[in-house]
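Structure first, commentary second.
The values are calculated or read from the model by the stated rules, or taken from the named source; none is laboratory data. Not measured: the values here are computed from a predicted model. Glycine also receives a Cβ, built like all others from the backbone with ideal geometry; neighbour counts cover every protein chain displayed.
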Amino acid sequence: MRRRQLLLGSALAATTAATPAVTGAARAQVLIVGAGWAGLAAAYALRAERDLDVHLVDRTPVWRALPLSNPWLVGLTGERLPRIDLAGWAQRHGVRFSAGTVTAIDRTARRVDFVRSEASASAPANASRPPAARIEPLPYDALLLAGGAVADHAAWFGNDARAAGEARTRFPAGFAADELDLLKQHLHAFAGGTLVMTVPPPPLRCPPAPYERALLVAAWLRRRVLRARLVLLDATGGMPRFNRLLATASGGSLAVEHHRHQRIAQVDPFARRIVTADGTIDFEHAMLLPPMRAPRLLADAALVEGGDGGSNSDNSGDRGNSGASRYAAVDPLTLRTVADKRIWVAGDALGRISPLFGAYPKTAQIAAETGAAAAAQITAALRSAAAPPPSLPTSACHVWLGSDPPEQLLIDVSHHLRADGIVTQQVRQTDNPVPRDEDLAWARAVLRQRLGVQA
Ligand SMILES: Cc1cc2nc3c(=O)[nH]c(=O)nc-3n(C[C@H](O)[C@H](O)[C@H](O)COP(=O)(O)OP(=O)(O)OC[C@H]3O[C@@H](n4cnc5c(N)ncnc54)[C@H](O)[C@@H]3O)c2cc1C
């Protein structure tokens, strides 16, 4: 056993000539940044590896699901998935958990800068970097970045933190789990007028989610008999099935407008105004979603794509290179970053996987499956074992097409390795005209199998 531990401790030093050898650590340290679907699945997969010290960190102490949130927002269902206390989850599964934010990665020293939640809570809200005294170094032998996809308000507001803060708090898009309660409050206070939703250029998380939400919100506004106008400012061409439904979603005192291929020139959250290449829209309320990207941490550590034309995958037929340099550059089969052999990425933060379809769709199941796949790769690398065969993810997504009558669409995605080493993608769509909680059954199965959560 002792010999095995020593081997483990020094294994990765041999793979990265520029990094110092591991010294003195009894167990190899695996640090996982982000306890979402990907990070939790990775930690769950590693829980039985007694020769690894698994440390999971997340800025929020409680996990909450985004899947199934759209029908909940409009009162169609209750909150059907549990919120998970991460410290309790970690204790049950024998891994360490710390609540706080990773602010930087020092690849040479193999450690990250970490600010515990108590410390960040007492820091001034506008502080861009925490004072040095609050920063705690967390070492790693292997680092898994599972921070998801985040809204990049700087793409609209540059360094204007006041405007970004206003947009985030007054007009949250609900594409981060900790925005959901606030978004629901705002939506329920909406008393009519113009309600805007922005759909950013791909890749964004869960490509059908904005359209599902638009259709459910439209039906809900009609039921409330509000005099309202729901305007989707869509950077893409949309998705054909949803485009047709949105085109017929107006009715009674509600008008629904879906403006496609919109380029947003200016957003003023104080004046409640958006300027696009086609004109100006004043709104009463909005769900403002700017372009999405991997957490800035990755770009700061030079771990993102280099603007080489990385495409995207949103299953909508929209292709482009707008995703380049916003997501992690990885080897598609091992999920190891191109720039650093000690760092892996899983979940929504992943960039281009294949020249055929770009990035994986950013879904919860793909996040969980890539989390587990990265865990297997990390274990092998730490033991100097051969890389396990690639495990390519699948995804099932149950999307609401309408609520009156209830109707869903199942989007199944699978990936396969071609003989020439290129990953291919298959997408199948199946109508479900009489939904019977298949979405809930799917979520429960993934939670149980991949995250060890009984829901
Ligand atoms: C409205 C909506 C509906 C959706 N519906 C579905 C659906 O029906 N089916 C489906 O499969 N998918 C759905 N998705 C997509 C799904 O939610 C995402 O694909 C999934 O959450 C990605 O998991 P992840 O682990 O990569 O990221 P996340 O779940 O976002 O987890 C990332 C974690 O990292 C933490 N973090 C980030 N940066 C740091 C840092 N620097 N320091 C510390 N912690 C950090 C965050 O706090 C977060 O907890 C939906 C998404 C949305 C927005």
- Item | Residue that is surrounded by the fewest Cβ atoms within 10 Å (Cβ to Cβ) [pool: residues in the stretch 265-309 that are of a type in the set (Asp, Glu) and within 30 Å of Ala104 (Cβ to Cβ)] | Asp308
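Quick one: how many residues across the stretch 403-437 are out of contact with any strand residue (DSSP E or B) (no Cβ under 9 Å at 6 or more places or on another chain) and within 26 Å of Ala219 (Cβ to Cβ)?
Residues in the stretch 403-437 being out of contact with any strand residue (DSSP E or B) (no Cβ under 9 Å at 6 or more places or on another chain) and within 26 Å of Ala219 (Cβ to Cβ): 5 in total.
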- Task: Go through the stretch 429-443 and give me each residue that's under 20 Å from Ala367 (Cβ atoms) and free of Cβ contacts under 8 Å to residues at least 24 places away in the same chain.
- Result: Ala441
- For the stretch 396-427, what are the residues that are within 26 Å of Arg213 (Cα to Cα) and among the hydrophobic types (A, V, I, L, M, F, W, C)? Ala396, Cys397, Val399, Trp400, Leu401, Leu409, Leu410, Ile411, Val413, Val427
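Filter the stretch 356-370 for residues that are of a type in the set (Gly, Ala, Ser) and within 12 Å of the chain's Cα centre (by Cα) and give the result. Outline the logic, then answer.
From the stretch 356-370, those of a type in the set (Gly, Ala, Ser) are 358-359, 364, 367-368; that's our starting set.
Scanning the stretch 356-370 gives Ala364, Ala367, Ala368.
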- Of Leu195, Leu143, Leu187, the only residue that is more than 30 Å from Ala43 (Cβ to Cβ) and buried (at least 22 other Cβ atoms within 10 Å of the Cβ) is Leu195
- Which ones in the stretch 50-92 are over 12 Å from Leu180 (Cα atoms), surrounded by 15 or more Cβ atoms within 10 Å (Cβ to Cβ) and of a type in the set (D, E, K, R)? Asp51, Asp53, Asp58, Arg59, Arg80
- Query: Any idea which of (1) in contact with a strand residue (DSSP E or B) (Cβ under 9 Å, 6 or more places away or on another chain); (2) within 13 Å of the ligand (Cβ to nearest atom); (3) at pLDDT 95 or above; (4) not charged (D, E, K, R) is the one Leu81 doesn't satisfy?
  - Reply: (1)
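Go through Asp331, Asp268 for me and flag whichever is at pLDDT 95 or above and within 18 Å of Pro355 (Cβ to Cβ).
Asp331
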- Query: Does the stretch 252-264 hold any residues that are closer than 17 Å to Ala154 by Cα and surrounded by 12 or more Cβ atoms within 10 Å (Cβ to Cβ), and which are they?
  - Reply: Ile264
- Query: Mind checking which pairs have a first residue in the stretch 12-39 that is at pLDDT 95 or above and within 16 Å of the ligand (Cβ to nearest atom) and a second that is part of a loop (DSSP other than H, G, I, E, B) and polar (S, T, N, Q), Cβ under 9 Å, 6 or more apart or different chains?
  - Reply: Ala35/Thr60; Trp37/Thr363
- Note on the structure: Selection from the stretch 58-78 of residues more than 7 Å from the ligand (Cβ to nearest atom), in contact with a Phe, Trp or Tyr (Cβ under 8 Å, 6 or more places away or on another chain) and outside any loop (DSSP other than H, G, I, E, B) yields Pro71
- Sole exception among (1) modelled with pLDDT of 95 or more; (2) farther than 27 Å from Pro82 by Cβ for Ala441, by number: (2)
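What are the residues in the stretch 148-167 that are hydrophobic (A, V, I, L, M, F, W, C) and not in a loop (DSSP other than H, G, I, E, B), if any? Full working, then the answer.
First pass over the stretch 148-167, keeping only residues hydrophobic (A, V, I, L, M, F, W, C): 149-151, 154-157, 161, 163-164, 167.
Across the stretch 148-167, the qualifying residues are Val150, Ala151, Ala154, Ala155, Trp156, Phe157, Ala161, Ala163, Ala164, Ala167.
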- Examine the stretch 412-433 for a residue that is buried (at least 17 other Cβ atoms within 10 Å of the Cβ) and within 11 Å of the ligand (Cβ to nearest atom), and state whether such a residue exists. yes
- Message: I'm told Arg383 meets every condition in (1) of a type outside the set (A, V, I, L, M, F, W, C); (2) more than 30 Å from Leu76 (Cα to Cα); (3) crowded, with 24+ Cβ neighbours inside 10 Å except one. Can you identify the failing condition by its number?
- Response: (3)
- Item | Evaluation of Gly309 against (1) at pLDDT 95 or above; (2) more than 20 Å from the chain's Cα centre (by Cα); (3) assigned by TED's automatic domain parsing to the domain that holds Gly34 (one fails), failing number | (1)
- Message: Please count how many residues of the stretch 86-101 are within 13 Å of the ligand (Cβ to nearest atom) and over 15 Å from Leu138 (Cα atoms).
- Response: 2
- Item | Criterion violated by Pro405 - all others in (1) without any contact (Cβ under 8 Å) to a residue 60 or more places away in the chain; (2) within 26 Å of the chain's Cα centre (by Cα); (3) over 16 Å from Met239 (Cβ atoms) satisfied | (2)
